[in-house]
Amino acid sequence: MIRALHPQKPKLVVIGNGMAGARLLEDVLACDPSRFDITVFGDEPYGNYNRILLSNVLNGTQDAKEIFLNPLAWYEENGITLHAGKRVTKIDREAKLVYAEDFSVEYDYLVFATGSKPFIPPIPGTPLHGVFAFRTLDDCRNIAEYAKGRKTAVVIGGGLLGLEAAKGLMTHNVEVTVVEMSPWLMSVQLDEAGGKVLGQTIANLGIKARAGTVTKELLGHMNVTGVKFADGSEIPADMVVISAGIRPNSELAKECGITCDKAIVVDDQLRTNDPAVFGVGECVQHNGMIYGLVAPLWEQTKVLAKVLTGADATATYTGSKIATKLKVMGVELASMGRINDLQPTDEVVQFSEPARQVYWKAIIRDGKVSAACLLGDLAPADDLMRLFHAGAPVPDRRLELFFTAGSAKKEVSLADLPDSHQICDCNGVCKGTIVTAIKGGKCTVPAVGKATRAGTGCGSCKTLVKGLIEAVAGGVKADPSESWFVAAVPLDKPSLVAEVKARGLKSVSAVLRELGAGDDEKSRNGLASMLKSIWGTEYIDERDSRFINDRVHANIQKDGTFSVIPRIYGGITTAEDLIKIGHVAKKYAVPMVKFTGGQRIDLLGIRKEDLPGVWADLGMPSGHAYTKALRTVKTCVGSEFCRYGTNDSTGLGIDLEKRFQGFEFPAKVKLAVSGCPRNCAESTVKDVGVIATEGGEWEVSVGGAAGAHVRKTEVLCRVTTKEDALRVIGRFLIYYRDNAKWLERTYDFVPRLGIEKVREIIVNDALGICAALDVEVEKTVAAYVDPWLERDQPVYAGQFEDTKRVPLPVL
Amino acid sequence: MTATVTRVQLCTLADLPTGLGRGFEVGGRPIAVFLGREGQVFAVDGKCPHKSGPLADGMLIGEQVVCPLHAFRFDGNSGACDQESVCGIQAYATEVRDGTVFVTVPLS
Ligand SMILES: Cc1cc2nc3c(=O)[nH]c(=O)nc-3n(C[C@H](O)[C@H](O)[C@H](O)COP(=O)(O)OP(=O)(O)OC[C@H]3O[C@@H](n4cnc5c(N)ncnc54)[C@H](O)[C@@H]3O)c2cc1C
Ligand code: SF4
Ligand code: FES
């Protein structure tokens, strides 16, 4: 026996005989065929096969036999002991033993190549007969077998794999519907326009698609008979294939004490925290990234083979760029990078030819292709792919990207800011700290935020954080939570609103109980605001979902005191009110009286227990200067006094503020009105700005800000009367309130939709909702209550009380 | 060293708003007391170690007290902070008997 002849040969054990495991064996043999005594475990009862060709097996273009990579004889010839159909159940790292059901094997080096398993969403009905995942040869056979004689199939998940499954099912003569939760198909690889083109293309193939649809339940007693969606609708289904993503197989590693995060954590040498244990493939996480395509795995196995055999003990794996082509017959699609992750400074090059269903889009960042998608015609794909992988500069004439790709030249170096450079100014977090977190596997903006607090203040540095993740980890991980309205409930806003209405959830705690997957203060604040706008007076107001500012109706300051800003409509006050404010400032020894940037007077340093008294003495309503609500309407002097003024800016400002006071929004909202284009009220950097024109009209523009971000408004429309201005602004505000994500300012919301679309909806009533928006404005105006009135009647114990002093008992 | 502790009567349960905190000063020591939605009562230091935020004005998320100023979180049972760089706070044993809330604080 070979083993007897080489008693000293180190023992290499590989767990997993899939794409990565088998490739590793080949790479190891290529480096040094006689270095190790090799044993491999695979829990599938086969030699190894090419998993990515399973779709061909399903659609009948290839026979299962044709996709085997290495026959059993290959293992034998190379002296590899293969335990096919044997699952590794336990590892003893101390004794360096790997246990299968009924035996154990010793190792000197151990490699995890356990891949992943399909993610089955937690919806009722998944155990029914006729419900399948799509991962293994057996799945493939079972699906094909079950499909015989069936009529309808539903594929849950409109990603790459889901579409392959759908196409495969078509060949079995079943009618297929693909259901996708995101608003369009293949949302990881495509933007909205691309998703639409793809939808068209597959519709032409005879596959129905329902995007933006959440599956609620699989129906049936023994066998699945239908699928029910979150909106209550149902469709019949004789079978269901679930393709909703994957989960790495890392439990075994975790159980034996190997460090795992989302997957098994490995370093640049694919080594885990145990120097004798390694990992490759879909079961590992390198620099926070998990790769679900084979190309990266092959880069990994190559490095690991060198490291293991000592062919190049210093070889390192530094991450991969992801690019893929869809293999669905009849659909030409190539994708590289993350197309949806667009930064404000990115250049977008786009070409579309709807008649042929051709859509090309490339995103250029720092002069290089950072992402692209090509649909319908893949002529430029290879050149683009090459530029993408090489990180080579794109041609100066961007058109050449698509019509003749430029030649690869020198690589531009990464943004080399020093580690001490401060990225997050709110929390004082430096680049070095963030990079360390990213290297520690925090590869989403929220994850970095959680670990370092970067980006958790005003949020204006989030794009920088994202850029760093890209630079360090090679890509921001797909993070489904980005589309959620708030972090604690895994639903986007439309689904959340629908669920809340369907279930009649009227309090934050009810929403968290029924739909929540967590809890945090920002989510509660967001839910409170949303519920209030949905239910109005029926909303059950729980004070523990409010931030302190909203509990005591004043802005908390760094020393725990509060500031009070009396409502001064339009910034116009009177001598009486000024005197009153002065008296109050004196009476309560207000340490600082300040004019704010919004033309209001701020009384700073007021103690909590003095708040009711201050308000009573002032007798003016709350300035709402701290809320996610309408704050101030800034005005200029206008036609009343200014020699240039062409219209009554103060009058309109006061009317706007009176009408919209107390309106709550996903973020703060500031307005301004200027009496002529000299724009003294700085209306072009407000959420809504109004400027009187020479012709006697009002120009209404939206989406501006002069805070952490500076953005100029975009013109929405011109109106001739004050009433029209009030109406159109009211519509815009309600539309924003109901459709923006929590904490999304108008300067993100407007460009996200595009000003043309906003104009279509608000001005031209393209959706036919303007009347409903008007009704909502009236409802909200009517619901306004000055929260300062709580001064007379605290709504909970101790609302405006100072700390209670309790003496220690005398012993 | 032996620490001497004493049990002090604080307030009635009705004095604590559900899910919210109230500030106390027990023998000169600032303490934030929270009543959780499940009826638990937590008592922790009243001042945040970060920049002295008044924790009684914070929010209670599950069993964590969230500082109102910069949102550092502290475990209501142990006082541990969720950020490595920030030291935790002192948590005090509480007890509710017949609707009266007691807290145990060190004597010194
Ligand atoms: C239908 C389909 C089509 C695809 N198409 C493409 C494509 O076109 N392009 C592309 O790049 N990628 C594609 N992929 C993804 C690609 O197949 C995976 O990224 C790749 O297979 C991952 O390789 P792996 O070795 O890490 O895991 P796997 O190939 O899943 O291998 C892991 C193996 O380990 C076994 N195992 C797990 N735990 C144990 C244990 N405890 N004991 C013993 N054995 C164990 C598993 O059973 C499995 O056989 C496709 C995937 C599927 C399912
Ligand atoms: S914007 Fe025009 S009207 Fe208003 S104050 Fe300036 S110059 Fe006068
Ligand atoms: S003072 Fe408490 S978090 Fe800053």
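Expressed as a fraction of 2.2 N^0.38 Å, the C-alpha radius of gyration for segment A:703-809 is 1.58. Amide hydrogen proximity for B:GLY53: with H placed 1.01 Å from N in the peptide plane, the residues at 5 or more positions away or on another chain lying under 5 Å are B:CYS48.
P(r) tail for segment A:85-165: Cα pairs beyond 19 Å make up 56% of the total. Out of all Cα-Cα pairs in segment A:514-608, roughly what percent, to the nearest whole number, are more than 18 Å apart? Here the long-distance tail beyond 18 Å is 59 percent of all Cα pairs in segment A:514-608.
Is there a quick way to get the dipole size of segment A:84-144? I mean about its Cα centre, with the Cβ of Lys and Arg at +1 and of Asp and Glu at -1; what is the value in debye to the nearest 20?
240 debye
Rounded to two decimals, the Cα-based Rg/Rh of segment A:132-171, with Kirkwood Rh, is 0.92. Using the Cβ-Cβ distance between B:THR12 and B:ARG37 with R0 set to 30 Å, the FRET efficiency from 1/(1 + (r/R0)^6) comes to roughly 0.95.
Hydrodynamic radius of segment A:660-755 by the Kirkwood approach over all distinct alpha-carbon pairs: 13.2 Å. Rounded to the nearest Hz, the phi-derived 3J(HN,Hα) couplings of segment B:23-39 under the Karplus curve 6.51 cos²θ - 1.76 cosθ + 1.60 (θ = phi - 60°) are x, 10, 10, 9, x, x, 9, x, 9, 9, 10, 10, 10, x, 5, 8, x, where x marks glycine and proline.
Distance between the pseudo-spin-label points of A:LYS148 and A:SER420 (7 Å out from Cα toward the beta carbon): 7.4 nm. Dipole size of segment A:615-752 about its Cα centre, with +1 on Lys/Arg Cβ and -1 on Asp/Glu Cβ: approximately 400 debye, rounded to the nearest 20. Amide H to amide H distances under 5 Å link B:TYR92 with B:ALA43, B:VAL44, where only residues 5 or more positions off or on other chains count and H is placed in the peptide plane. The stretch between A:ILE755 and A:LYS594, if pulled fully straight at 0.36 nm per residue, gains 54.3 nm over its current Cα-Cα span. With Cα atoms as the point set, segment A:572-712 shows a radius of gyration and Dmax of 16.4, 52 Å. Stokes-Einstein diffusion for segment A:19-94 at 25 °C, viscosity 0.890 mPa s, with a Kirkwood radius from C-alpha pairs, works out to 178 µm²/s. Amide H to amide H, with H built 1.01 Å from N, A:ARG607 comes under 5 Å of A:PHE562, counting only residues 5 or more places away or on other chains. When the alpha carbon gyration tensor of segment A:112-209 is reduced to an equivalent ellipsoid, the three semi-axes, largest first, read 22, 18, 13 Å.
Under the convention that each Lys and Arg Cβ holds +1 and each Asp and Glu Cβ holds -1, the size of the dipole of chain A around its Cα centre is about 860 debye. Under the classification rounded if a/c is under 1.5, otherwise prolate if a/b is larger than b/c and oblate if not, where does segment A:170-233 fall, given a ≥ b ≥ c as square roots of the Cα gyration tensor eigenvalues? Since a/c reaches 1.5 but b/c is at least a/b, the shape of segment A:170-233 is classed as oblate.
Test of the criteria: in segment A:121-187, which trypsin sites (Lys or Arg not before Pro) are in a DSSP loop and have at most 13 other Cβ atoms within 10 angstrom of their Cβ?
A:LYS148, A:LYS151
Ellipticity at 222 nm from helices only: DSSP H runs of n ≥ 4 in chain A, each -39500 (n - 2.57), divided by the residue count, give -9000 deg cm²/dmol. Give the shape of segment A:1-133 as rounded, prolate or oblate, defined through the alpha-carbon gyration tensor: a ≥ b ≥ c are the square roots of its eigenvalues, a/c under 1.5 means rounded, and otherwise the shape is prolate if a/b is larger than b/c and oblate if not. Taking the square roots of the gyration eigenvalues as a ≥ b ≥ c, segment A:1-133 is oblate. Taking every Cα-Cα distance in segment B:28-108 and sorting them into 5 Å bins starting at zero, the pair-distance distribution P(r) comes out as 3, 17, 29, 25, 16, 8, 2, 0, 0 percent. When each of A:LYS608, B:LYS47 is scored by the number of other beta-carbon atoms lying within 10 Å, the sequence from fewest to most is B:LYS47, A:LYS608.
With all pairs of separate Cα atoms included, segment A:236-377 yields a Kirkwood hydrodynamic radius of 17.9 Å. Shape analysis of segment A:752-811 yields a ratio of the Cα radius of gyration to the Kirkwood radius, Rg/Rh, of 1.46. Straight-line cross-link reach from A:LYS506 at under 21 Å between alpha-carbon atoms covers these lysines, not counting any fewer than eight positions away in the same chain: A:LYS493, A:LYS522, A:LYS532, A:LYS628, A:LYS741, A:LYS779. I'd like the antiparallel share, as a percent to the nearest 5, of DSSP beta bridges with both residues in the protein assembly as shown. Expressed as a percentage, antiparallel bridges in the protein assembly as shown total about 70.
Out of every Cα-Cα pair that segment A:460-594 contains, those further apart than 20 angstrom amount to 64 percent. Computed FRET efficiency, Cβ-Cβ of A:ASN223 and A:PHE103, R0 56 Å: what is it to the nearest 0.05? Calculated value: 0.90. Modelled spin-label separation between A:ASN173 and A:ASP377, with each label point placed 7 Å from Cα along the Cα-to-Cβ direction: 3.7 nm. Scanning chain B for GluC sites (Glu not before Pro) in DSSP loops with at most 12 neighbouring Cβ atoms within 10 Å leaves B:39-83 as the longest stretch between them. Here's the list of lysines a cross-link from A:LYS9 could span, going by alpha-carbon distance under 30 Å and ignoring same-chain residues fewer than 8 apart: A:LYS86, A:LYS90, A:LYS96, A:LYS254, A:LYS302, A:LYS306. Using the Cα coordinates of chain A, the gyration tensor eigenvalues translate into equivalent-ellipsoid semi-axes of 56, 31, 27 Å, sorted from longest to shortest.
How much length is gained if the chain between A:ALA193 and A:ARG643 is pulled fully straight, taking 0.36 nm per residue apart and subtracting their Cα-Cα distance, in nm to one decimal?
Values: separation 450, 0.36 × 450 = 162.00 nm, distance 4.99 nm.
The A:ALA193-A:ARG643 span can extend by a further 157.0 nm.
Neighbouring Cβ atoms from other chains, within 10 Å of the Cβ of residues in A:799-806, number 6 on average.
With a simple spin-label model that places each label point 7 Å from the Cα along the Cα-to-Cβ direction, the separation between A:LYS722 and A:ALA471 comes to 5.3 nm. For chain A, the relative contact order comes to 7 percent (Cα pairs under 8 Å, sequence separation of at least 6). Assuming R0 = 35 Å, what is the FRET efficiency of A:ASP32 and A:GLU94, from their Cβ-Cβ distance, to the nearest 0.05? Computed FRET efficiency for A:ASP32 and A:GLU94: 0.80.
No lab work stands behind these numbers, since they all come straight from the coordinates. Quantities reported herein were computed from a predicted structural model and do not represent experimental measurements. For neighbour counting, all protein chains shown are included, and Cβ atoms are generated from backbone atoms with ideal geometry for every residue, glycine included.
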